[in-house]
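What follows is calculated from the coordinates using simple rules that are stated; it is not laboratory data. Because the structure is a prediction, the values reported are computed rather than measured. Virtual Cβ from ideal backbone geometry, glycine too; neighbours counted across all protein chains shown.
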Amino acid sequence: MKLVFLGPPGAGKGTQAGKVAAHYGVPHISTGDMFRDAIGKGTPTGLKAKAFLDAGALVPDEVVIEMVAERLKGADCRKGYLLDGFPRTVEQAKALEDIIKAPDAVVNITVDDERLIGRLTGRRMCTGCKGTYHITRLKDPGVCPDCGAALIQREDDREETIKARLAVYHQKTSPLTRYYADKGTLCTVDGGQTPEAVREQIIAVLESRA
Ligand code: AP5
Ligand code: MG
């Protein structure tokens with residue numbers, strides 16, 4: 001199963017991807033997580049990417065494509081993949097087809113911008129188990145309810161940077177919905193429901209295509 005999750009910042013791509021990837025037995029590959037990891041380790045890719053993430057801008061296509069091409073060579077990708085946050089430009093979508101064949105399905109998770117800002121300003125990430133949470137669902141906004149490690153806010157989850165990320169999404173990434181609709185692989189899911197209902201809808205729409 002070769003899957004792509006498409007959707008604006010805060011749509012719930014990361015929240016849904018882990019469980020959906022486990023359901024299909026494929027690796028969850030988040031380019032945002034890969035960049036944050038590379039920045040944390042100070043690798044050459046991290047050094048190239050940092051200023052773009054801080055500004056809420058896209059990392060240049062050639063840097064992202066090289067990183068994803070390398071990752072998709074992994075033995076765990078033989079059965080397929082779930083890409084979260086890639087492709088984000090038509091150029092990247094074409095590169096994916098050259099690297100490993102086109103995805104079987106592209107899940108487009110839609111949520112309106114106003115709701116996205118609230119989701120992102122209130123998001124907290126666990127430094128231990130890497131889980132994603134929202135302050136409205138936490139008893140203690142500083143402690144992970146699952147593993148007890150410290151929760152932090154992502155650097156790019158400040159309101160000005162969120163607005164920049166949304167503008168970039170509308171300008172550069174949303175044209176991909178047309179691109180994949182024309183190829184017949186686009187499945188649109190209403191991301192404004194509860195996380196459980198969104199997950200059920202994703203699985204249902206994918207099963208209906210199988
Ligand atoms: P990336 O990490 O991919 O960020 P993003 O696309 O902005 O998406 P997010 O991770 O912010 O949102 P999400 O959809 O995963 O939402 P989540 O599930 O966490 O990319 C970061 C940066 O890396 C980019 O800006 C760019 O610089 C660079 N980059 C990455 N890929 C690139 C590429 N291909 N090309 C170029 N540059 C690239 O949920 C958000 C919040 O909402 C959480 O608090 C969660 O608990 C809550 N929530 C989730 N679902 C629900 C629900 N159904 N109801 C209520 N709350 C919910
Ligand atoms: Mg994410």
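Annotations for the structure displayed:
- Applying D = kT/(6 pi eta Rh) to the stretch 76-116, where Rh is the Kirkwood radius over alpha-carbon pairs, T corresponds to 25 °C and eta to 0.890 mPa s, the Stokes-Einstein value obtained is 205 µm²/s.
- Overall dimensions of the stretch 94-210 as given by Cα atoms, namely Rg and Dmax in Å: 16.9, 47
- Residues of the stretch 168-210 with amide N under 12 Å of a point placed 7 Å along Cα→Cβ from Glu97: 179-185
- Dipole magnitude (debye, nearest 20) for the stretch 77-210, charges at Cβ of Lys, Arg, Asp, Glu: 240 debye
- Largest-first principal axis extents, alpha carbons of the stretch 91-143, Å: 46, 30, 18
- Relative contact order (%) - the chain, alpha-carbon pairs under 8 angstrom, separation at least six: 29 percent
- Near Gln92, once Lys and Arg are set to +1 and Asp and Glu to -1 for all other residues with Cβ below 13 Å from its Cβ, the sum equals -3.
- Full-extension gain in nm, Asp140 to His170, via 0.36 nm per residue minus C-alpha separation: 7.4 nm
- Cα point-scatterer Debye curve for the stretch 137-183, base-10 log of I(q)/I(0) at q = 0.25 Å⁻¹: -0.86
- When each of Asp33, Asp156 is scored by the number of other beta-carbon atoms lying within 10 Å, the sequence from fewest to most is Asp33, Asp156.
- Diffusion coefficient, µm² s⁻¹, Stokes-Einstein with Kirkwood Rh over alpha-carbon pairs of the chain at 4 °C and 1.567 mPa s: 74 µm²/s
- Length added when fully stretched, Lys19-Lys163, from 0.36 nm per residue minus Cα-Cα: 49.0 nm
- Sorted by Cβ density within 10 Å, fewest first, the residues Ile29, Ile100: Ile100, Ile29
- A simple charge model with +1 on the Cβ of Lys and Arg, -1 on the Cβ of Asp and Glu and nothing else charged puts the dipole of the stretch 48-136 at about 460 debye relative to its Cα centre.
- Charge tally in the Cβ shell below 9 Å around Ala105, where Lys, Arg are +1 and Asp, Glu are -1, Ala105 excluded: +1
- Spherically averaged projected area in nm², based on the convex hull that wraps the Cα atoms of the stretch 31-117: 6.7 nm²
- Taking all Cα pairs closer than 8 Å and separated by 6 or more residues, the relative contact order of the stretch 14-134 comes to 26 percent.
- The distance linking the stretch 141-210 with the stretch 93-140 is 4 Å (Cα centroid to Cα centroid, whole angstrom).
- If you take the alpha carbon atoms of the stretch 49-97 and fit the smallest convex hull around them, that volume is 82 Å³ per residue.
- Fewest-first sequence of Ser174, Ser208 by Cβ atoms within 10 Å of each Cβ: Ser208, Ser174
- FRET E, pair Gln153, Arg115, Förster distance 22 Å, beta-carbon r, rounded to 0.05: 0.75
- For the chain, the residue among Ile99, Tyr24, Tyr179 whose Cα projects farthest onto the positive side of the dipole built from Cβ charges is Tyr24.
- Spin-label model distance (nm) - Asp54 vs Ser208, 7 Å beyond Cα toward Cβ: 4.6 nm
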